1. What residue, of Thr464, Thr514, is out of contact with any strand residue (DSSP E or B) (no Cβ under 9 Å at 6 or more places or on another chain), outside any helix (DSSP H, G or I), touching a residue at least 24 places away in the same chain (Cβ under 8 Å) and not assigned by TED's automatic domain parsing to the domain that holds Gly72?
2. With respect to Glu258, determine if the residue is of a type in the set (D, E, K, R), surrounded by 13 or more Cβ atoms within 10 Å (Cβ to Cβ), at pLDDT 95 or above and outside any helix (DSSP H, G or I).
3. Could you tell me whether any residue of the range 89-97 is in a helix (DSSP H, G or I) and buried (at least 22 other Cβ atoms within 10 Å of the Cβ)?
4. Looking for something in the same structural domain as Asp419 (by TED's automatic domain parsing), assigned to a loop (DSSP other than H, G, I, E, B), out of contact with any Phe, Trp or Tyr (no Cβ under 9 Å at 6 or more places or on another chain) and surrounded by fewer than 20 Cβ atoms within 10 Å (Cβ to Cβ) - is there at least one such residue anywhere in the range 373-393?
5. If I filter the range 430-438 for residues that are touching a Pro at 6+ places or on another chain (Cβ under 9 Å), closer than 25 Å to Arg127 by Cβ, of a type in the set (D, E, K, R) and part of a helix (DSSP H, G or I), do I get at least one hit?
6. Looking at the range 43-71 only, could you name the residues that are in a loop (DSSP other than H, G, I, E, B) and surrounded by fewer than 24 Cβ atoms within 10 Å (Cβ to Cβ)?
Amino acid sequence: MRPRCIGAVAALVVTASATHAQPSARAASAEPPRLVVLITVDQLRADYADRFQRQLTGGLGRLYREGAAFTGAQDHANTETAPGHASTLSGRFPSHTGIARNSAGVADPQAPLLGGGGTGASPFRFRGSTLIDWMRTADPRARALSVSRKDRGAILPLGRAHQQAYWYAGDGRFTTSTYYADTLPTWVTAFNARRIPQSRAGQAWTLLLPESEYPEPDSVPAESGGRGYLFPHVLPSDPDSAARQFPEFPWMDDLTMELALAGMRELRLGEGPQTDLLAISLSTTDAVGHRYGPDSRELHDQVLRLDRLLGRLLDTLGAGRDSGRVIVALTADHGVAPYPGVRSSDPNAGAQRVNLTPQYETARDALARRGVPEAAFAFVDGMIGVDRAAFARAGVRVDSVLGAFATTVARVPGVQRVDLWSDLVRADTTRDAVARRWLHMFTPAFAPALVVTLEPYSVWGPATYAQHGSPHDYDTNVPVVFYGAPFRPGRYDRIVRVVDIAPTLAAVLGVPPTEPLDGRVLREALRQPASAEQP
């Protein structure tokens with residue numbers, strides 16, 4: 001299954017062939033960039049730029065019009081936040097970063113949060129290096145700041161680097177963990193003291209544009225678990241409750257951006273002489289998409305608000321510094337599937353809610369009667385992990401059990417395929433995208449014994465929120481956009497991969513990666529030949 005290109009954005013972008021009137025490569029790249037900005041929009045599907053193109057008058061539209069814009073693929077199967085963020089600046093698939101799913105992402109009880117307010121977090125599971133490591137190898141003065149609503153969104157773009165990373169603790173504060181610092185810096189403490197989420201208590205999220213500008217129906221009971229799916233949406237009047245629910249509202253992105261820009265000013269990022277990195281992960285599109293779905297009026301309004309917010313960011317980056325020495329990359333960690341049974345822009349009419357718990361419990365109970373412990377046959381996120389030694393001690397042939405389970409599960413409506421890992425490693429990955437994306441998830445030593453892939457647009461039940469996590473195009477296809485003087489503006493129809501972002505940025509900076517990468521330099525997006533290659 002080949003990744004699907006999204007349609008041309010005629011009113012939004014120029015074609016790649018129209019780039020010859022741009023300044024020369026030599027003039028555009030006379031001085032090296034002083035600031036690299038990575039924007040990761042959680043759950044920003046690649047097709048949203050097409051869908052809302054007429055109304056994108058801010059930064060998202062500007063990035064597409066004036067940048068080098070590709071449809072990218074998170075070319076791995078378990079399209080979740082942690083694996084996606086770990087690939088953005090590492091240039092490597094989850095099989096090489098060690099971050100294969102959210103549940104085994106950044107949670108770390110040995111790295112408690114400063115001031116409490118959530119689970120401890122660190123990148124201790126992350127393997128290898130990222131762009132900031134390569135930058136510091138070339139110039140130890142290089143600094144990085146990473147900000148997100150989510151801990152994994154702030155941590156994983158930096159890998160294991162001991163730079164500055166901050167995320168929302170859920171009680172109205174941004175914080176970090178003891179992996180990074182013993183105390184919060186004064187500027188973060190001062191920002192938190194403003195109690196911005198609490199000050200929004202009782203405020204309503206209303207439409208940015210007149211209602212006639214939104215073709216989506218507002219009354220869709222499948223949204224938001226069947227409750228509170230009509231505009232306006234109002235924050236609780238209690239300040240503490242408002243702070244907890246704040247991430248469900250577009251203002252969370254505004255708050256994240258405000259902290260990022262405050263940190264940029266405080267740390268004087270991009271003012272040289274070294275090159276610095278600012279990573280911003282915006283999570284509200286994910287929260288809105290999960291709650292209301294990709295075809296909702298809420299999602300439409302959120303993307304328009306994101307567009308305006310990115311416009312303010314670009315204006316700020318261009319003020320008070322040489323904008324020609326700032327480069328920006330935009331991407332996302334994953335997409336999302338529409339609600340089954342809800343009318344969509346996607347062909348989801350036959351989508352199913354799939355629950356394999358009965359089949360798994362039957363197999364597990366049968367194995368328990370034969371002396372196989374429950375932990376030796378674990379089913380998580382559509383994957384079966386086995387303890388072969390435990391099977392051997394019980395005298396049970398694990399391959400026979402796996403084969404029987406695969407046969408049973410394959411008959412369930414909504415299941416597309418069930419693959420033994422031993423069969424996936426022999427697949428033709430140039431033709432079989434599903435197999436390739438599963439193989440990009442795990443090293444052989446940590447691979448599951450069996451994986452289940454649902455039919456396109458089918459989701460795991462009985463959950464009532466919109467889901468992602470499949471190896472299908474609507475979950476894997478995301479934007480990959482480069483903006484700034486070194487890049488050749490245009491719309492490029494070739495599908496690229498998110499792992500290509502880091503080597504392309506490294507080439508522009510002239511900093512060689514310190515290890516082999518899965519990604520490649522996107523030379524067609526550059527005004528002049530790359531000056532740094534991976535080893």
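1. Thr464
2. Values: of a type in the set (D, E, K, R): yes; surrounded by 13 or more Cβ atoms within 10 Å (Cβ to Cβ): yes; at pLDDT 95 or above: yes; outside any helix (DSSP H, G or I): no.
Criteria not met by Glu258.
3. Here is the first cut: in the range 89-97, the residues in a helix (DSSP H, G or I) are 94-97.
From the residues that got through so far, the ones that are buried (at least 22 other Cβ atoms within 10 Å of the Cβ) too are 94, 97.
Checked the range 89-97: at least one residue is in a helix (DSSP H, G or I) and buried (at least 22 other Cβ atoms within 10 Å of the Cβ).
4. Step one: of the range 373-393, the residues in the same structural domain as Asp419 (by TED's automatic domain parsing) are 373-393.
Still in the list and also assigned to a loop (DSSP other than H, G, I, E, B): 373, 381-382, 387.
The next check asks that each one be out of contact with any Phe, Trp or Tyr (no Cβ under 9 Å at 6 or more places or on another chain); those that pass are 373.
Those still in the list that are surrounded by fewer than 20 Cβ atoms within 10 Å (Cβ to Cβ) too: 373.
The answer is yes; a qualifying residue exists.
5. yes
6. Start the filter on the range 43-71 by keeping residues that are in a loop (DSSP other than H, G, I, E, B), which leaves 43-47, 52, 56-58, 67.
The answer is Asp47, Phe52, Thr57, Gly58.
Residue-by-condition table, conditions (1) in a loop (DSSP other than H, G, I, E, B); (2) more than 16 Å from the chain's Cα centre (by Cα):
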| residue | (1), (2) |
| --- | --- |
| Ala262 | no, yes |
| Glu271 | yes, yes |
| Gln274 | yes, yes |
| Thr285 | no, no |
| Val288 | no, no |
| Asp295 | yes, yes |
| Leu304 | no, yes |
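The rows are residues; the columns are (1) under 25 Å from the mean Cα position of the chain (by Cα); (2) among the aliphatic types (A, V, I, L, M); (3) under 24 Å from Ala366 (Cα atoms).
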site	(1), (2), (3)
Val386	no, yes, yes
Ala394	no, yes, yes
Val398	no, yes, yes
Gly414	no, no, no
Val418	no, yes, yes
Asp423	no, no, no
Ala435	yes, yes, no
Ala445	no, yes, no
Pro456	yes, no, no
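The values are calculated or read from the model by the stated rules, or taken from the named source; none is laboratory data. Keep in mind that this is a model prediction, so the values were computed, not measured. Cβ coordinates were reconstructed from backbone atoms using ideal geometry, including for glycine residues, and neighbour counts include every protein chain displayed.
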